[in-house]
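One structure below.
What follows draws every value from the coordinates through simple rules; no lab data is involved. Quantities reported herein were computed from a predicted structural model and do not represent experimental measurements. As a convention, Cβ positions derive from the backbone with ideal geometry for all residues, glycine included, and neighbour counts pool all protein chains shown.
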Amino acid sequence: MAELFAMLDDEWEGLQPYLGGTFTTQTFRSALEHNAPHAWAKLVERYGPGGKGSGKFYSPSNILYNYLNDKARNSLIIRRGFVPSEKGWGTRIVIQWQIADAVAPATSEEDKKFIEGREERRQHLFRERKAGLRQELLSARKRVGLSCDICELTGSHLAKDISESVFEAHHNKEPFSTPGERTVTVKDMALLCANCHRLLHRLVTLKGRWFEVEEARLEFGFEFQASSA
C-alpha cells in the first residue's frame, strides 16, 4: 500500500488542476486515468479493473479511496460528506472531498512566510505543501486585481462566486519538488490560470528544464507585460 501511495503522491501535484472545488473519488479516478495513465495501469495490473462482479475485495477504486482518506487524516484534504454516486459505481453514495488550502482562511500579510518541503515519515515519505499558500497569494493579488501572469485572464466572464477557481498558485523560482525544506513568501509565487499552469508544467517536462513565468510567456507567444503584485 505504501508503494502505491508513494506512486500517487508523485502524481498528486499534476492532478490538482482537475480537482478544483469539491470532488469525489470518482473524479479523482477519472483524472488519474486520463492524466496519469501509467499510474492507473499500475493499479489495474495489480488489482484488475474492479467493478461489480470482479470477484476481488480490493480494486483500484478502493486504493484511491484509502489514499484520499489518508490525506484527509493528515489534513491535506477535507471530507465534505456524502453525495450521490455516478451510475454504475457500485455504491449509492460516495464521499466528497476538497483540497484543504482551497478553504483555508486568508490573511492580509503579503510578506508572510511559509515553511515548505519538510519530509515526514508516516505510512510513507511525502513532501509537505503548506496549506493556505494559495489563499495568501489570492489575498495579496486582489489589491491590484486578479489576472493570470501569463495570458492575463481575469475570470471576469465568470460568476463572482466561482471566478477565483480559475487561478492556481505556481512556484516561480524553483519547482515545489526541489528537495529540502525552504522559506517561501507570496513574492516567490506566480498566479496562473489552470490552463497556463498546465501548459507551463508540460513545457518543463518536454524541455527538461525549469521555466520561470517571464520565459514561459515568451515561449507561448505572450510578449506583453502582465500585471504583478
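Applying a threshold of 29 Å to the alpha-carbon distances of K42/K87; K160/K207; K42/K71 flags K160/K207 as lying beyond it.
Compare the peptides 202-210, 76-84 by average per-residue count of other Cβ atoms within 10 angstrom and give them in order, highest first.
Numbers: 202-210: 10.9, 76-84: 14.6.
Output ranking for 202-210, 76-84: 76-84, 202-210.
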